[in-house]
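Notes follow once the structure below has been shown.
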Amino acid sequence: MVDDHPIVHLGVERVVEDFADIEMCPGAHSGKAGAALAAQLRPDLVLLDLHLPDLSLPEAATAIRSARPAVKLILFTGDNNPTVGQVANLVGVDGIVHKDNACGVLITAIREVMAGRRYCDPAIGGASLMLPRREYQVLKRLAMGESNSQIASHLGLADNTIKSYIQSLLVNLNARNRLDAVIKAQQAGIL
């Protein structure tokens, strides 16, 4: 578990302690520490908080997956922002659980994700978890101020494909234009 609040670690320990098929490793309080622990302890699954003191969610997810490529990630958040499901999918997590609902769904989420299925907490809404990962790559390049041609060249795609991804991003982020998409993504913690 990677979460900067010690009380959350204790709460999760209490939720999972009665389930023999789930073993909890020591947790980390930052993204960098989480990546180091993932390399050392090699967990099968990591609960990852949306807001960490040192890394954004995409950075933390990348660091943990670099340290332990096969790891499953469940976004574990108390954020009520309606775009949280989109954030989860953009980053490529395997599941999402809202902290307010954890006592009721955490064990189910862990089991579903470990069985190879995606899980989205009903309190967050399953439909919001459908944004493709490739759109996140395009979004990152947009945030760097790149043109469609530059993005296409960097990702090895056609210009028209990039245009399609941008149009989809605008719809999925409910944005008016490229700049608005980047701003909304930053406000939601995606970038």
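Data overview
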read-out: Partner aspartates and glutamates for Lys32 [C-alpha distance under 15 Å; skip if fewer than 8 residues away on the same chain]; value: Asp3, Asp4, Asp49, Asp54, Glu59
read-out: Long-range HN-HN contacts of Ile96 with modeled amide H, under 5 Å; value: Leu75, Tyr119, Cys120, Asp121
read-out: Local electrostatic count at Ile64 - Lys and Arg +1, Asp and Glu -1, tallied over other residues with Cβ under 14 Å; value: -1
read-out: Within-13-Å neighbourhood charge of Ile162 [Cβ basis; K, R +1; D, E -1]; value: +2
read-out: Cα centre as origin, Lys/Arg/Asp/Glu Cβ charges: the chain dipole, Debye; value: 780
read-out: Phi-based couplings in Hz for region 162-172 (Karplus 6.51, -1.76, 1.60; Gly and Pro marked x); value: 5, 4, 5, 5, 5, 4, 5, 4, 4, 5, 5
read-out: Rounded Å value of the spacing that divides the Cα centres of region 58-111 and region 30-53; value: 12
read-out: Radius 9 Å from Cβ of His51, net charge of other residues (Lys, Arg +1; Asp, Glu -1); value: -3
read-out: Sequence-distant residues sharing a close amide H with Leu45 (under 5 Å, placed H); value: Lys72
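No value in this document is a laboratory result; all are computed from the given coordinates. Just so it is clear, the structure is predicted and the values come from calculations on it, not from any experiment. Backbone-built Cβ (ideal geometry, glycine too); neighbour counts: all protein chains shown.
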